[in-house]
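Worksheet for the structure shown next.
Only the coordinates and a few stated rules stand behind these numbers; no lab work does. Being a predicted model, the structure only gives us computed values, none of them experimental. All Cβ positions, even for glycine, are placed from backbone atoms using ideal geometry, and neighbour counts span all protein chains on display.
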Amino acid sequence: MSFVTHDQNELVWFTAPLLDGVRHGFSTRRGGVSPAPWDTLDLRFGCGDAPENVAENYRRLLGAVGVEPERAVLSLQVHRDDVRLCTADDAGKGLFRERDYKADALITAERDLPLMVFSADCGTVLLHDPDAGCVGAVHAGWRGCAAGIVEKTIREMVRLLGARPERILAALGPCIGKCCFETDSDVPEAMRTSALGAEAEPYLERRGEKWHVDLAGLNRQWLLRAGVAPDHIDVCGLCTACRPDLFWSHRKMGEARGVQAAVISL
């Protein structure tokens, strides 16, 4: 993992050197104000934590990343392949204003418009084309992965924002690893019947009656399929289920948890 760990007043987050040209970060569960079981950097409204705690956690994280909380655009994730082009009119939606969209991926060419996606085992992917001046943030759990949301997001950056796949830089944040992502046959079957087809096989391993799935590897394969260069991809490699001290994990904690965020801004 070439990701860099930042620790500022107990707030811990990661950045990817590939994306040093833009403000960005991948959060952990450390450095907020929320009490147990949401201790401490909970970014999930409506789970039982006090709203003022969650708002303060956003303020701390986004301040550390160097962006304005009032301008952040939050995804409303539904585990599909919807991609939203965000403009200045979207500033603050999801945090300070109502969201009028559902999307698991956000893209923009607007400056100072932070895009945020969330996970508690799912994959997150941050994208940047420095020449076209555009960024993207993707929530890619197994359903979104099977639907090809990563490749679709890149296609939309090309179509709408003038990006080129070979220029795009991509960072894959912490997610559940193959070690802990144990499933029935429905997940492998969804990957095999996706556009990946046989390309999915190296990331699927049968262990007895169950399958173990490499979600980060599959999302990386979608990036390669979309035309992103291998040396333009960085993968965090940390498993959210293995590290409940550092991350929120739906598999380990159920609903008594917060969420991580990935944020990027020009």
For this session: Kindly indicate whether ARG80 is of a type in the set (D, E, K, R) and within 18 Å of CYS134 (Cα to Cα).
Result: no
Problem set entry | Scan of the stretch 154-180 for residues that are crowded, with 21+ Cβ neighbours inside 10 Å and part of a loop (DSSP other than H, G, I, E, B), ordered by number | ALA163, ILE168, GLY173, PRO174, ILE176, GLY177
For this session: Filter the stretch 36-82 down to residues that are closer than 30 Å to SER194 by Cβ and among the charged types (D, E, K, R) and give me whichever is surrounded by the fewest Cβ atoms within 10 Å (Cβ to Cβ).
Result: ARG80
Exercise. Taking interchain pairs and intrachain pairs at least six residues apart, which have beta carbon atoms under 6 angstrom, with the first residue in the stretch 251-266 and under 18 Å from THR124 (Cβ atoms) and the second crowded, with 17+ Cβ neighbours inside 10 Å and of a type in the set (Ser, Thr, Tyr)?
Worked result: GLN260/SER27; GLN260/SER119; ALA261/SER27; ALA262/THR124
For this session: Restrict the check to the stretch 186-206 and report whether at least one residue is within 30 Å of VAL67 (Cα to Cα) and either assigned to a strand (DSSP E or B) or β-branched (Val, Ile, Thr) (or both).
Result: no
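Output the residue which, of all residues in the stretch 117-153 that are among the small types (Gly, Ala, Ser) and assigned to a helix (DSSP H, G or I), is farthest from VAL213 (Cα to Cα).
This residue is GLY144.
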Seminar exercise, completed: Filtering the stretch 4-57 down to residues that are outside any loop (DSSP other than H, G, I, E, B), among the aliphatic types (A, V, I, L, M) and within 22 Å of GLU255 (Cα to Cα) yields VAL54, ALA55
Exercise. Is it fair to say VAL213 is under 30 Å from ALA36 (Cα atoms) and aliphatic (A, V, I, L, M)?
Worked result: no
